[in-house]
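Inspection log for the structure reproduced underneath, given as structure tokens.
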Amino acid sequence: MALFNKQISLVLLSALACLSGVLPPAFAEVQLQNTRVWKRANVISPGQKVWAFQAGSQNSSTRYATDGQVEPLGRQYAQVLRWKELVGAEESKAGQAELQNYMKANRLDDNDIAATSNYEVTRRETGFAMDWAYGLGENWMVGFQLPITYRETEVSTRIGMTPQLVNLASQPLKVSSVGTASSTPAMQEKLSQLAQQELSNSGYDNIPNQNNSWDWGDVSLLNQLELAETYRWTWAVQQLVRFPTARNNNLADYIQTSDDQGQVDLGLSSIVDYEVRRWLIGARLGYVMQMPDTVKMRVPSTDGGDDTISPEIKRDLGDWVWAAVDAELRVTRALDLNVEYGFLSKAKDRYSRDELNDQAAAQEIHQSRVGMQYRIGEVSTRSGIESKWVAAVGYTFPWQGRNSLDSSRTSVDVITYF
């Protein structure tokens, strides 16, 4: 068969290029935050101030899919080319007929896969956060949180052909009268390289091998009231207002990330602590409501063409509920050890475009954390206000989830009370 000549190779490239414009948009991934300043029910003394600085790192190459199974992070961007699309991309009737004859001879159906394009994605995030709190009264403190993240995203693409397409690619070529027909095993490698190059340069801007960015997060204002306190029990409520100070996603990025930022959030949490001997047992339960807003987004094409940019997409990111239980053991006057279990469940995002809603999914994550706190130096007191330094380290790892990252996170906190 002299079918897979240069013209047919261009057919494969153009068909894969059409598929490159239908990647799913970036839907929000919420992460449980863990800062020492705002996790205890006790409020700081009137007039006392607290500064806390946190640094954390997280490397991600896998995620929990909708069914809860672990999959590569780039699998959600994988694309397939079916034989009917390959036939449809061929302009000449003779070429279509020859392709159909080949399919019939090899018992191939229109919906059978001819080629695939896969993405290998690795994300490295180094997060920094600054917390500030101030005691306004005996049972009241206020403050804010300011996060910033340095993200590194590495992407590589791979084109894979089915055995039937490989066999088609290795057929002898038709040549002019000055040449001879010969088998072309090198055509397979050449075709794969050309398809990968064409895919990465079609539909969107080029897919960068590596993309680095500094991303400011949303600033949060917090208000905590201590409602009840006994010899062993302390109960407080905490209110949160998060403002949209984060930068919107760059729509030119081929593969985007999102962490539920860019809109106003309202949150309410209940915090209970119980002390017995050297143990401190804590429980927290919270609800965050994300207010609707309007954003500019890339919208998948419904006809198989390139995506379009819509300047006014109404969105309502899903509200989420979270809970955490932790235990701290005072080993010495300066050293505490702690363990924690956290759970988060987020509802689906809703958009004004149906094609975006079709791909939205709920999120869930179960995770555990181990850590320690160490008081640096001695504690001094002036006018009833303690001055001290505390360092904390933690390691958080997920063990079950849906539509969430499957990666551990390490963190280091330095906190000063004055």
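Structure above, values below:
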| quantity | calculated |
| --- | --- |
| Region 59-83, residues that are in contact with an Asp or Glu (Cβ under 8 Å, 6 or more places away or on another chain), part of a strand (DSSP E or B) and farther than 30 Å from residue 407 by Cα | 82 |
| Failed condition for residue 324, given (1) without any contact (Cβ under 8 Å) to a residue 40 or more places away in the chain; (2) assigned to a strand (DSSP E or B); (3) touching a Gly at 6+ places or on another chain (Cβ under 6 Å) | (1) |
| Check on residue 56, at pLDDT 75 or above, outside any loop (DSSP other than H, G, I, E, B) and under 23 Å from residue 370 (Cα atoms) | yes |
| Matching residues, region 376-394, being farther than 30 Å from residue 343 by Cβ and surrounded by 12 or more Cβ atoms within 10 Å (Cβ to Cβ) | 376, 379, 385, 386, 387, 388, 389 |
| Residue within region 112-128 that is among the charged types (D, E, K, R) and within 28 Å of residue 225 (Cα to Cα) present | no |
| Residues (modelled with pLDDT of 80 or more, among the hydroxyl-bearing types (Ser, Thr, Tyr) and buried (at least 16 other Cβ atoms within 10 Å of the Cβ)) located in region 126-183 | 149, 153 |
| Residue match in region 332-346 (condition: surrounded by 14 or more Cβ atoms within 10 Å (Cβ to Cβ), touching a residue at least 40 places away in the same chain (Cβ under 8 Å), under 22 Å from residue 405 (Cβ atoms) and among the polar types (S, T, N, Q)) | no |
| Selection within region 352-369 - within 21 Å of the chain's Cα centre (by Cα) and in contact (Cβ under 8 Å) with a residue 40 or more places away in the chain | 355, 356, 359, 360, 361, 362, 363, 364, 365, 367, 369 |
| Verdict on residue 281 being in contact with a Ser or Thr (Cβ under 7 Å, 6 or more places away or on another chain), closer than 30 Å to residue 233 by Cβ and hydrophobic (A, V, I, L, M, F, W, C) | no |
| Candidate set from region 257-285 (those that are in a loop (DSSP other than H, G, I, E, B) and β-branched (Val, Ile, Thr)); member that is modelled with the highest pLDDT | 264 |
| Scan of region 371-395 for residues that are basic (Lys, Arg) and out of contact with any strand residue (DSSP E or B) (no Cβ under 8 Å at 6 or more places or on another chain), ordered by number | 382 |
| Check on residue 86, surrounded by 18 or more Cβ atoms within 10 Å (Cβ to Cβ), part of a helix (DSSP H, G or I) and in contact with a strand residue (DSSP E or B) (Cβ under 6 Å, 6 or more places away or on another chain) | yes |
| Breaking point among (1) buried (at least 16 other Cβ atoms within 10 Å of the Cβ); (2) among the hydroxyl-bearing types (Ser, Thr, Tyr); (3) touching a strand residue (DSSP E or B) at 6+ places or on another chain (Cβ under 8 Å); (4) modelled with pLDDT under 70, for residue 301 | (1) |
| Residue check, residue 339 closer than 25 Å to residue 232 by Cβ and at pLDDT below 95 | no |
| Residue within region 241-256 that is at pLDDT 95 or above and either loosely packed, with under 14 Cβ neighbours inside 10 Å or in a strand (DSSP E or B) (or both) present | yes |
| Residue in region 392-409 that is touching a residue at least 24 places away in the same chain (Cβ under 8 Å), assigned to a strand (DSSP E or B), within 30 Å of residue 294 (Cβ to Cβ) and out of contact with any Lys or Arg (no Cβ under 8 Å at 6 or more places or on another chain) present | yes |
| Cross-chain or 6+ apart pairs with Cβ under 9 Å, region 94-123 first and farther than 29 Å from residue 62 by Cα and part of a strand (DSSP E or B), then at pLDDT 80 or above and among the acidic types (Asp, Glu) | none |
| Subset tally (residues that are assigned to a loop (DSSP other than H, G, I, E, B) and either among the charged types (D, E, K, R) or more than 30 Å from residue 281 (Cβ to Cβ) (or both)) for region 342-359 | 6 |
| Scan of region 407-418 for residues that are farther than 10 Å from residue 58 by Cα and under 22 Å from the mean Cα position of the chain (by Cα), ordered by number | 412 |
| Which numbered condition residue 373 misses (of (1) in contact with a helix residue (DSSP H, G or I) (Cβ under 9 Å, 6 or more places away or on another chain); (2) surrounded by fewer than 16 Cβ atoms within 10 Å (Cβ to Cβ); (3) of a type in the set (S, T, N, Q)) | (2) |
| Selection from region 15-53 of residues that are farther than 25 Å from residue 214 by Cβ, in contact with a helix residue (DSSP H, G or I) (Cβ under 6 Å, 6 or more places away or on another chain) and at pLDDT 70 or above | 50 |
| Members of region 308-361 found to be basic (Lys, Arg) and in contact with a Phe, Trp or Tyr (Cβ under 6 Å, 6 or more places away or on another chain), listed by number | 315, 346 |
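The values are calculated or read from the model by the stated rules, or taken from the named source; none is laboratory data. Since the model is a prediction, treat every value here as computed from it, not as a measurement. We place every Cβ from the backbone using ideal geometry, glycine too, and count neighbours over all the protein chains shown.
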